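Below is one structure; the comments refer to it alone.
The values are calculated or read from the model by the stated rules, or taken from the named source; none is laboratory data. Since we're looking at a predicted model, the values are computed, not measured. All Cβ positions, even for glycine, are placed from backbone atoms using ideal geometry, and neighbour counts span all protein chains on display.
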Amino acid sequence: MAEAQKTLPKPFGVLNGALQGHDYLLGSTFTVADLNLASICSWSKPIKFDFGPFPNAGAWLDRCLSRPSYQGRQGHAREVETYSAGCGCGSGARATGPAAELSTAETMAPASAP
């Protein structure tokens, strides 16, 4: 894991610069581009990646992960994990993580104003 964390500053630096002056990747509106990248970047949370040097990227990821559609899917992901673990399918593979927790139809709806 330490090796993986060493590789993250460069891409997060690029992302941080791209988000300068923008709430989302393509401006002020959440798009499928944000959905795609946030689903990948969300794995930085469990490893407690330090976003201190990358405030734009950290704030963007927090905005993406705080969307109601993501929050509402958290419980659904646990249900899928429980079902998959006991389904007898042999592999024990689980459909979890951000991609399993988000659906395009729900995430493409504009976020409510605070």
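Taken over the range 15-58, the criterion of being more than 22 Å from Glu3 (Cβ to Cβ), not in a helix (DSSP H, G or I) and not aliphatic (A, V, I, L, M) is satisfied by Gln20, Gly21, His22, Asp23, Tyr24, Gly27, Ser28, Thr29, Phe30, Thr31. Exactly one residue among Ala33, Ala4, Ala93, Ala38 is modelled with pLDDT of 95 or more and loosely packed, with under 12 Cβ neighbours inside 10 Å, and that residue is Ala33.
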